[in-house]
Structure formats: structure tokens, C-alpha cells
Amino acid sequence: IPVGASNPHRYALIIGNEDYSSRIGANAEINVPYAINDAAVFYEYCVRTFGIPDKQIRVISDATVGMMAEGLDWLISMAKADPKAEIFYYYSGHGNNDEATKKAYLLPVDITGKNVRLGLALDELYQRLGALSIKGAYVFLDACFSGGYKSDAPIVAQKGVRVRPNIIAPHGHTLSFSSSSGNETSSVFHEKKQGYYTYFLLKVLKDAGGNLTMRDWFKKTHDEVLKATSLSGKPQSPNAMPSVEWPEWVNVQLMTLP
């Protein structure tokens, strides 16, 4: 793992939602394989490559509604206290959309897909981060919102049809990079025991020794994920969604030399 300089102005919230069946009394097939491992590996890069002090990172495994809300409140409170802040929001787990509005949500482990509106709406996440007067907010999502699923069985049946969710772009100094686009499904890389997206997101960074701009990092990750998942028969194309108010994001580098 590339080693970067420590940065006292960085904060991270890392969530791995894997075990849904225990909370909602369903079959284990709805669980998300390797989501907790995804979160653990991303944590290692936050500490060693992005230089985030350990005390400024929160890692939550199998987050409930309350835990996800409290975690986001904590991250935002840290940012409000530090005008030089850069914040990282990483999530691996189920996403879905509201069947009526197509609005996208991240799903805590204690709700089913029938109650997606109890989850964290992406619109709300982007709105709260975009309202901060900080150096940058970086969102990484290993989840899909099409009604597909990152598990062996769907968390809720939606007439067997995947849809294109309605997702509003971030604003302010916020950018989001997610594992799939449109009505695609995000998949897991069983051989590596990670999501395809998280595996290649970090492998690309590692292979470059951390020396990548955001634009190049995202492009290389997109190409690697698309190639690997196309070979598996379920192509997914990661999607970068930056704020139009922040054109400089393309040249941001998250690793600085020690």
C-alpha cells in the first residue's frame, strides 16, 4: 500500500453493510458478500495512503438507521469545526431506489427494500456535504441503485425489472464516484473477496504508487472494472459525478509524499 504524508485536516466515515438477514429475519442470501472486508481494506488506505489520523476515522460494520445517521452527523460536525477539512465517505452494501419516485437510497441493515425511504437518500447526503465550506468531500459508493443487488438474492422484488434511478448531482466541493451506472448491477469479485469496484479502485491506486489525479484515478478504475465485469458477463461501468461548481476536482491528488 502506498504510504503518504499524514494530514490532520482529513476525516473519514467508512461503512460496510453485509449482514442484512440477521436484522430483518430473512434468508442469508440477501447479505452482501465481503462488504465488511471492503470497508476494512479502504480503512487501510485511508490511514496509510491518504494520511488520515486513526482517531479521525470511524468504521461501522452492519450499520443500522441510527448508526448511519449518527456517523454522518459526526463527519459533518468534524468538517464544520475545520475550514481546511477534507472528508471521505465510503459505503459498501445494498442500495436501492423508491419504486414510485426512483429516488436513490443507501440501505441500513435493519430495513428491507420495501422501506427504502427509511434509508439514507443520496440527495440528502450530497446536499449536506455540498453545504459545507471545506476543501473537499469525496464519496465512494460500492452499491447499485437500480433494483439489482450485490448478493445472491434481491433484498426486495421489484417485478424483476431494473430501472435507472433519479440521482441529483452533488454541489459545492463534493464529488461522488460509484460502482455502476444507470440500470446496472454492482457485483462482487469472489476470487478477491471484495466488490469489483473497491478491488480495482484500490489496486489502480496501488499500482500507480498513489501518484494519480482524481480524473486519472477514476478513468483507470472505470476501465479496469468494465473490462473485468464484462468478462464475467455482468458489465458495470463506474460513474464519476462531480459538482459542476468545482472544476478543479480533476487535478486533486489524495496522496502527498511524506
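The values are calculated or read from the model by the stated rules, or taken from the named source; none is laboratory data. These numbers come from a predicted model, not from an experiment. Ideal geometry is used to build each Cβ from the backbone, glycine not excepted, and the neighbour counts take in all protein chains shown. These accessible areas exclude ligands, DNA and RNA; they are computed on the full protein's heavy atoms, side chains included. Shrake-Rupley method; radii C 1.70, N 1.55, O 1.52, S 1.80 Å.
Any idea which of V3, Y90, S178 is furthest toward the positive side of the dipole for the chain, if Lys and Arg beta-carbons carry +1 and Asp and Glu beta-carbons -1?
Checked the options; the winner is S178.
Could you report the accessible area of K80 in Å², rounded to 10, computed with a 1.4 Å probe on the protein chains as they sit in the structure?
150 Å²
What nm value, rounded to one decimal, do you get for the distance between K219 and K192 when each label is placed 7 Å out toward the C-beta?
So the label points at K219 and K192 sit 2.1 nm apart.
Under 29 Å between alpha carbons, and skipping anything fewer than 8 positions from K219 in its own chain: which lysines qualify?
K84, K102, K103, K135, K150, K192, K193, K203, K206, K227, K234
In the full protein assembly as shown, how much of F218 is accessible to a 1.4 Å probe, in Å² to the nearest 10?
10 Å²
For region 84-141, run through the trypsin sites (Lys or Arg not before Pro) and keep only the ones in DSSP coil with at most 16 other Cβ atoms within 10 Å of their Cβ.
Those that pass, being in a loop and sparsely packed, are K84, K102, K135.
Could you pull out the GluC sites (Glu not before Pro) across region 160-258 that fall in loop regions by DSSP (anything but H, G, I, E, B) with no more than 11 other Cβ atoms inside 10 Å?
E191
Could you work out [θ]222 nm for the chain from helices alone, using -39500 (n - 2.57) per DSSP H run of at least four and dividing by all its residues? Round to the nearest 500 deg cm²/dmol.
Using -39500 (n - 2.57) per qualifying helix, the result is -9000 deg cm²/dmol.
Please state, as a whole number in µm²/s, the translational diffusion coefficient that the Stokes-Einstein equation yields for the chain at 37 °C and 0.692 mPa s, with Rh defined as the Kirkwood radius across alpha carbon pairs.
Values: Rh = 18.0 Å.
This corresponds to a translational diffusion coefficient of 182 µm²/s.
Compare I168, I60, I134 in a GNM of the chain, Cα atoms joined below 10 Å, and give the one with the largest fluctuation.
The residue with the greatest mean-square fluctuation here is I168.
Can you sort T112, T229 by solvent-accessible area, 1.4 Å probe, largest first?
From most exposed to least exposed: T112, T229.
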